[in-house]
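The structure appears below as C-alpha cells.
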Amino acid sequence: MPVQPLHICTGQPADGRNKFFPRTKIINKIWRKLDRGEDLLIVAPRRVGKSSILRHIERNPNDGYFVKYISIMSVDSANAYFKKIFKSLLEDDEIYGFAKGYMTNAGKAIENFGKKIRGIGLEGIELDGNEQIDYYVETIELLKSLPNEAKKIIFLVDEFPDALSNIAKYSEEEAINFLQQNRDLFQEYGELNIQFVLTGSIGLGNVVEKLNRKDIMNDLTQIEIEPLSNDDAKDLIDSLCLGLNKIDITLIFNSASKDYFLQKLTWNTPYYIQMIIDELVDDEVEMVNQEEIDKVLDKIIKARSHADYFENWRDRLKKVFDEEEAKFAIEILSHISIKDSISYDEMKKMNEDIVLKDLLEVLKYDGYISENNQVYQFNSPLLKSWWAYHVAE
C-alpha cells in the first residue's frame, strides 16, 4: 500500500485521516477478537499510539457496532465512572435517539433517563448533580432499555488502571467493588449487547494485584501494542515528508539517513519520530544527514521546549508509586542512565525493603525499561540521555 501524506501531530492523539498512521495489523486483530464477543485489555507502553488507535476505531466502526471512546484518567470514584458511561449513551443521538424512537413506537417510557439531563454545556450534556443517583444502576437500566435489534455497543475505556488506582487511594473496598461491578457488566449482563476494551499506560495487573483480587479481571483477552517496526517507522517518515511537501516544506531522507535516524531512536514510537522531524523542520533542514540528526537530538535533550514532556516521565512515578517506591525508581533509572544497565542483584542490594518485582513490572509496562536475562536498560536512548542530563546526580 503506497504511503499517504500525513501532518505532524505531537500534541493530542493523532486523530483523522491526515494525521493517523495506519496500524492495520493491530486494528484487524482487535476487531477479530471483538467479533468473537471478547472483552479486551489493551497492553501498551506510553506513546506507542494506543489512544490514536482507539480514536480511529471509534471513528471507523465495523458494521453492526456503535463505538464509544471514554478517557477516565482523572476519575476517582466508581459512581463518577458510570456517570461518564451513562452520559456518553445519552449524548449519542444515534444510540439514545434509536432507543427513544423504539420505545415510543412500543408504547414504553424512556423519559425517565432524559430527566437526568440538567442542561447543555460546552462539554455536552450536564447531568443532575444529585449525588444520591447510583449511575451503575442507571447505566444498567438504560442499556436494558435498548432493543435487541440495536447495534452492539463497544466502550473503549482509556486509562482504566489510572482510575482504579485513584479509587483505591480513597478506599480499597470501593476499588474492589468497582472491579466487581465491571466484571458483572462483562459476564452477568451478557444480554445487554455490550463489550468493553480497557486500556491504560500503567499495568492493570499490578494495580489489581495490590488489591489482592487478580481473579476479578482474569477474563479479559490481552492484546499488546508494540512500537513501530523499522519498516513501518520508515513509512511514517515518508508519510510525514509527503505531508510537509504538501505545504511547500522540503525535508528529504535518503536510505542511509533513515537507517541512522532509527538506529539512534531504537524505540520507534510515533511520538518520538514526529517530535524529531518537527525539530528538523524548525531548524530549516532540507537534506537530512547524520550531523543534522545528532544536532537535533542534542537540542531535544537539553532544550526547555520539550521539558514538560520528559518531566512527565519523572513526575508520573510519584503518581503510581508511594514516596519510597518513587524515590527508589528514580534511583534505579538514574543508575541506568549513567551506567547503561543494571542487574536484578544490584537493585536488590540497593534496597532490600521494597518489593522489587512489582516495581519493575510497572517500569516495564509503562515503557521506561526492558529486561534481558535479569539485566535492565532504558527502552529509549532519547529518554535515557534526557534522564542522565536532567535527573541523575
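Computed from the coordinates by the stated procedures, all read-outs in this text should not be read as laboratory data. Remember, predicted model here, so these are calculated numbers, not experimental data. Neighbour counts are summed over all protein chains in view; Cβ atoms, including those assigned to glycine, are modelled from backbone coordinates with ideal geometry.
Values computed for the structure shown
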| read-out | value |
| --- | --- |
| Residues of type lysines that residue 327 reaches as a straight line, Cα spacing below 18 Å, ignoring anything fewer than 8 places off in the same chain | 318, 319, 348, 349, 357, 364, 384 |
| Neighbour-count order for 138, 371, 188, fewest beta carbons within 10 angstrom listed first | 188, 371, 138 |
| Per-peptide average of other Cβ atoms within 10 Å, ordering 206-217, 302-313, 376-387 highest first | 376-387, 206-217, 302-313 |
| Reachable lysines from residue 144, criterion Cα separation under 21 angstrom, eight or more residues apart if same chain | 68, 83, 84, 87, 100, 108, 115, 116, 152 |
| Expected 222 nm ellipticity per residue - DSSP helices of 4 or more, -39500 (n - 2.57), all of the chain, to 500 | -16500 deg cm²/dmol |
| Calculated P(r) of the chain - Cα pairs past 37 Å, % | 30 percent |
| Sequence ranges 233-240, 3-10, ranked by mean other-Cβ count within 10 angstrom, highest first | 233-240, 3-10 |
| Share, in percent, of DSSP beta bridges within the chain that are antiparallel, nearest 5 | 30 percent |
| Cβ-based exposure ranking for 341, 51, 257, in which fewest neighbours within 10 Å come first | 341, 257, 51 |
